[in-house]
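For reference, the structure is listed below as structure tokens.
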Amino acid sequence: MPTLREELDDWLRIPSVSTAGGDGPALTRSCDWVCERIEAAGGSAEAVSVDGGHPMAVGELRTARSGAPTVLAYGHHDVQAAGPLELWESPPFEPTERAGRIYARGAADDKGNFLPLLHVACALARAGELPVNVRFLVEGEEEIGSPSVLKRLRTGEDDADCAIVFDSLMVDERTPAITLAARGLVQARVEVRTAERDLHSGLYGGTVLNAAHVLMAMLAEVAPDAQGRVRPELAAGVLEPSDEERASWERLPSGESMIGGVGAAPVAGDAAERFHERTGAATAVDVNMIEVGEPRTIVPALARGHVTVRIAAGQTAAEVGPELERLLRSAVPDGATATIHVEGADPALFDPDDPALQLALGAMERACGTPAALVRLGGTLPLLAVLADRGITSIVSGFALPEDAFHAPNESYRLESLRLGEAAARELYAALAELPH
């Protein structure tokens, strides 16, 4: 059997880009590459497309143990486009080792991060030592929103006692993390029209509605206050984090370093101190875009804006979305027309006392030599909300680091991260064999 490194190099050479229309033939080859390895280890696998989308690899390796639990191993084989080739120091789809790192598109996100789950399961199956049933779901559309895999998961076809998701980061080079929660997202695209055309501000200014002014009033209605506090209507229902989580946050980088490291300024006096709570366990509202007018003396007739609400555990998009639209519309004056399109995804939250997560904490410490920190993701992973809704506890972890430059030129992955991933996969499969089934 090829080594983990040899397999990664082979997989990285397939330019399985899904963005901007994608590379269909390469995505098919990449999906087949996964299926071939599952089948070669004695399992069953197939390439599955949903509604004509990019193919996902669906497969299973079964243990000889009777009554063993089933673990769903999730990852994605699609990658971002390479971007400007002149910014790469080596070809993006020819993996190159430099200073203990593998440079290639997809090295960190997500081929290098996920592959240990596949490689170790296949190795254990070949040796007749696989302690759990492993069901694989390796999608080809994560970089474009995961539409196919979300539809499939909602059908209940891929049932499991728990899931492992290796598509996340470490706290630092030595400390692994397990993500307990991810925020949801409600976003609104707003378009305001106040006249048939732009008007001369000298002739009409002060007498007619200005689309820029209307849009600003609408956004002001939902924007946080000067301390970054969100309107109660948009923050209703948020669940408080547990004491165990709060204690674990003490091991994370300080808010001062997180904010200062990107050259930003805190919105309020306690924002840095409460950084991890504000970004993982609280609602946040941000105006993302305002598009209006020209640098000349006009009264704009048309204005566009975009606003997002990161919703925390305990909230739902179905509740927050209509409230966001209601607040926006409350500021629209007579004579103006506002078109508002709202869409959303729910947050996810897993109980740190769940047996699967308790077993995972022990496994990660044995693999890495350092206890895993419990963290919350400020971003949105719709997949986790679907798994949580189905009662499938998910062990969300991974060994990427910010300096891996995923999505950017010269993406890379540490060889040490690859080694840690392999050790963690072995420990997790062994530990989860104790899971009640």
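The values are calculated or read from the model by the stated rules, or taken from the named source; none is laboratory data. Quantities reported herein were computed from a predicted structural model and do not represent experimental measurements. Note that each Cβ is placed from the backbone with ideal geometry, even for glycine, and that neighbours are counted across all protein chains shown. Surface accessibility is based on the protein's heavy atoms, side chains included, excluding ligands, DNA and RNA. Shrake-Rupley method; radii C 1.70, N 1.55, O 1.52, S 1.80 Å.
Report the far tail of the P(r) of the stretch 250-341, meaning the percent of Cα-Cα pairs longer than 17 Å. If you can, show how the numbers build up before the last one.
Numbers: 2759 of 4186 pairs.
The proportion of pairs with Cα distances above 17 Å equals 66 percent.
Which cross-chain or sequence-distant (5 or more) residues have an amide H under 5 Å from the amide H of residue 72, H modelled 1.01 Å from N in plane?
Hits under the 5 Å cutoff: 135, 161, 162, 163, 164.
To the nearest 20 debye, what is the magnitude of the charge dipole of the stretch 116-187 about its Cα centre, counting +1 on the Cβ of each Lys and Arg and -1 on the Cβ of each Asp and Glu?
Details: 7 positive and 12 negative charges, 25 e Å.
Around 120 debye, computed over the stretch 116-187.
Could you size up the charge dipole of the chain around its Cα centre, putting +1 on the beta carbon of Lys and Arg and -1 on that of Asp and Glu, and report it in debye to the nearest 20? List each step's numbers first, then the result.
On the way: 37 positive and 66 negative charges, 65 e Å.
So the magnitude is around 320 debye.
Give me the 1.4 Å probe accessible area per residue for the chain, excluding ligands and nucleic acids, in Å².
On the way: 18490 Å² over 437 residues.
Result: 42 Å² per residue.
Viscosity 1.306 mPa s, temperature 10 °C: Stokes-Einstein D of the chain from its Kirkwood Cα radius, in µm² per second?
Working: Rh = 23.5 Å.
For the chosen part, D equals 68 µm²/s.
Using modelled backbone amide H atoms (1.01 Å from N, in-plane), which distant-in-sequence or interchain residues come within less than 5 Å of residue 373's amide H?
177, 178
State the three equivalent ellipsoid semi-axes of the stretch 173-318, derived from the C-alpha gyration tensor as the square roots of 5 times its eigenvalues, in descending order and whole Å. Walk me through the numbers on the way to the answer.
Details: eigenvalues 312, 57, 30 Å².
The three semi-axes for the stretch 173-318 are 39, 17, 12 Å.
Test of understanding: extend the Cα→C-beta vector of residue 189 to 7 Å, then name every residue of the stretch 338-352 with backbone N under 14 Å from that spot.
339-344
At 0.36 nm per residue, minus the direct Cα-Cα distance, what do residue 327 and residue 408 gain on full extension? Give it in nm, one decimal, please. Write down the numbers at each step before the final one.
On the way: separation 81, 0.36 × 81 = 29.16 nm, distance 3.73 nm.
Result for the pair: 25.4 nm of gain on full extension.
For a paramagnetic label modelled at 7 Å from the Cα of residue 264 toward its Cβ, which residues of the stretch 297-319 fall within the zone defined by backbone nitrogen distances under 18 Å?
Of the residues in the stretch 297-319, 306-312 have backbone N under 18 Å from the label point off residue 264.
Using Cα-only point scatterers and the Debye equation, what is log10 of I(q)/I(0) for the stretch 1-142 at each q in 0.09, 0.16, 0.20 Å⁻¹, rounded to two decimals?
For the stretch 1-142, the Cα-only Debye profile gives -0.28, -0.81, -1.16.
Can you tally the net charge around residue 409? Count Lys and Arg as +1, Asp and Glu as -1, for every other residue whose Cβ sits under 10 Å from the Cβ of residue 409. Don't skip to the answer; put the middle values down first.
Values: positive: 105; negative: 86, 89, 411.
In short, -2.
So if R0 is 30 Å, what FRET efficiency would residue 246 and residue 416 give, r being the distance between their Cβ atoms, rounded to the nearest 0.05? The partial results should precede the final answer.
Values: r = 30 Å, r/R0 = 0.99.
It comes out at approximately 0.50.
Could you tell me the accessible area of residue 200 in Å² (1.4 Å probe, neighbours in place), rounded to the nearest ten?
My reading of the accessible area for residue 200 is about 100 Å².
Return the carbon/sulfur percentage of the accessible area of the chain, one whole number, probe 1.4 Å, all protein chains in place.
50
Rank by packing, highest mean first: peptides 174-180, 59-65, with packing defined as the count of other Cβ atoms within 10 Å averaged across residues. Intermediate values should be presented prior to the final figure.
On the way: 174-180: 21.4, 59-65: 18.1.
Answer by packing, highest mean first, reads 174-180, 59-65.
Which peptide among 182-188, 274-280, 111-117 comes first, and what is the full order, when sorted by highest mean count of other Cβ atoms within 10 Å? Don't jump to the answer; show the numbers that get you there.
Details: 182-188: 24.7, 274-280: 20.3, 111-117: 28.1.
Final packing ranking: 111-117, 182-188, 274-280.
In the P(r) worked out for the stretch 61-145, what percent of Cα pairs fall beyond 15 Å? Don't jump to the answer; show the numbers that get you there.
On the way: 2326 of 3570 pairs.
Cα-Cα pairs in the stretch 61-145 separated by more than 15 Å: 65 percent.
Compute and list, largest first, the equivalent-ellipsoid semi-axes of the stretch 261-309 from the alpha carbon gyration tensor, each √(5λ) rounded to a whole angstrom. Could you put the intermediate results ahead of the total?
Numbers: eigenvalues 218, 39, 13 Å².
Working from the Cα gyration tensor, I get semi-axes of 33, 14, 8 Å.
Going by average Cβ density within 10 Å per residue, which order do the peptides 395-401, 366-372 take, highest to lowest?
Details: 395-401: 25.3, 366-372: 17.3.
Answer by packing, highest mean first, reads 395-401, 366-372.
What is the Cα radius of gyration of the stretch 332-437 over 2.2 N^0.38 Å, N being its residue count? Walk me through the numbers before you get to the answer.
On the way: Rg = 19.4 Å, N = 106, 2.2 N^0.38 = 12.9 Å.
Against the compact-globule rule of thumb, the ratio is 1.50.
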